[in-house]
1. Just how large is the dipole of chain B about the Cα centre, in debye to the nearest 20, putting +1 at every Lys and Arg Cβ and -1 at every Asp and Glu Cβ?
2. Quickly estimate the mean residue ellipticity at 222 nm for chain A, helices only: each DSSP H run with n ≥ 4 gives -39500 (n - 2.57), and the total goes over all residues, rounded to 500.
3. So what's Rg/Rh here for the stretch A:1-136, counting alpha carbon atoms and using the Kirkwood radius for Rh?
4. B:Thr135: net charge of surrounding residues, Cβ under 11 Å, Lys/Arg +1, Asp/Glu -1, itself excluded?
5. Positive end of the charge dipole of the protein assembly as shown (Lys, Arg +1 and Asp, Glu -1 on Cβ, about the Cα centre): tell me which of A:Thr224, B:Ala102, B:Thr182 has its Cα farthest that way.
6. With a bin width of 20 angstrom, please list the P(r) values of chain B as percents of all Cα-Cα pairs, from the 0 bin to the one holding the largest distance.
7. Per q in 0.06, 0.09, 0.11 Å⁻¹, report the Debye log10 I(q)/I(0) for the protein assembly as shown, using one uniform scatterer on each alpha carbon and no solvent.
8. With unit charges on the beta carbon (Lys/Arg positive, Asp/Glu negative), name the residue among B:Ile145, B:Ile164, B:Ile210 whose Cα is farthest towards the positive pole of the charge dipole of the stretch B:141-211.
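Laboratory data are not the source of any read-out in this text; all were calculated from the coordinates shown. Only a predicted model underlies this, so the values are computations on that prediction, with no experimental measurement involved. Methodologically, a virtual Cβ is constructed for each residue, glycine included, from the backbone with ideal geometry; neighbour enumeration extends over all protein chains shown.
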Amino acid sequence: MKILVPVKRVIDYNVKVRVKADESSVELANVKMSINPFDEIAVEEAIRLKEKGVASEVVVVTIGVKKSEDVLRTALAMGADRAILIEAADDVHTDIEPLAVAKLLAKVAEAETPDLILAGKQAIDNDMNATGQMLGALLGWGQATSASALEITDGVARVTREVDGGLQVVDVNMPAIVTCDLRLNEPRYASLPNIMKAKKKSLAATTAAEYGVDITPRLTVVKTVEPAARAAGEIVGSVEELKAKLKEAGVV
Amino acid sequence: MSVLLVAEISGSQISIDATSKALAAVSSLGPVTILAAGEGVDPAPLAALAGVDKVLHVEGADYGHQMPEAYAKLLQSLAPNYTHIAAPATTSAKASFPRLAALLDVMVITDVIAVDSADTFQRPIYAGNAIQTVTSTDAIKVMTIRTAGFDAVADGGAASIEVIDAAEAVDSSRWVEDRVVTSDRPELTSAGVVVSGGRGVGSEESFAIISALADTLGGAVGASRAAVDSGFAANDMQVGQTGKVVAPDLYIACGISGAIQHLAGMKDSKVIVAINSDSEAPIFQVADYGLVADLFDAVPALTEQLK
């Protein structure tokens, strides 16, 4: 069984984001970038399936600027077998929309014919939570989003999903697309020998143009601003004072 | 212009609050038709919402289980009649709407917090650390609404109800079971009061003092990601970017430091109270009222005072 894992290079989750002065986007130049945390969970899950003998090959793919190669090396160091880089932008501030990403990934899936695509549930930059579902639609595959547990038996993926009221369990025929939530696993750290080994693994570079996919954005960014700040509050001295303030505000 | 609003329904259960708030968000865009898809649904409460033009009622077990493949297919067949297709940003719509958008070859716009015009919308990015305004060039706008910032519409409507046929079945996936946590407390996302505990609560047992305060105020119990990861609280109680987004009248954060990801889920609450022993905790920067105290003393004392 072959698993395809799409990964995205995003601002490291520990970095405080700043809006650019011209309001065009968030500042990404000279900012620490990392693999999207949810995608890292997807890579980890794929590797675990390989270690259990369920999967035979793990292929990772990313779409973005040339520097996105970094996150492919991270995935290879974790244990993925080979990688595909699709260059689709020159400027790190160009965010390729989920629809265009899904169209490119559909082309990759047609060529690679994976049995399972494991993706992160959303990228922590645009927070769109869309690519996996869109890819499912384009390929005509079943989908299960926000997975917190995954079991593969006889061509069926049994997925436990995080939903509003609790958990939902669904069976999806393979080939299937599953998107990963935080509690699915805890990704490993790549060891130094594995980081060295990853440098020798296959990384094929191609471009969006080669797939003949139109990646023109459908959404135009009008502006990007900081959220409205809350007015400063006050520190109260005691539980009694707190109760009095809450009565005064009419909320208790 | 015309809008198709998909009501949030699980089984036969309509979430009127979420649907009504989403209705408030989209009603400026044109006449609104509400889709009631589920299993054993009584669509009358939806027809009674003020300003609804029509209700479409369709029955199907896959809709009741919110299966995204079936939902997307149904919506695809209805789409040509509308300029906008919207739903509250629940886990159900989050699963089905991007799928629908791809079937229609349009870009989805998720977690809309403001409708500026028929094609321009605001949505949070980077866990709410920035707000982006986007204009869509697509013929049909497919969008989910983050309902926390909208007020529910009143009753007083008398829309007609039309029964429609289910779309062709999709067999790529099957529902197995729901593991739903049942509670007498109000639902987290629509509660007027939310009391949340963080890592400072220290254990699952100690969460009882958080629950006791919530029960005294008739509120819901929430938790920070740190509390969930530490095993003190269930994941469906998680408030934050990776959990639920809430905007109650009163939010009481107990032993929560105020990580960016938590603030993204509650900073639109009307009144925020923070109780934390660390006076430097970032939660105090967003709190209307801060109390620097040991939560094990302060929370039971507050509960006692409010009884």
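1. About 540 debye.
2. Mean residue ellipticity, 222 nm, calculated: -8000 deg cm²/dmol.
3. Ratio of gyration radius to Kirkwood radius for the stretch A:1-136: 0.97.
4. For residues surrounding B:Thr135, the net value is 0.
5. A:Thr224
6. The calculated distribution, bin by bin, is 33, 53, 14.
7. Taken in order of the listed q values, log10 I(q)/I(0) reads -0.29, -0.67, -1.02.
8. B:Ile210
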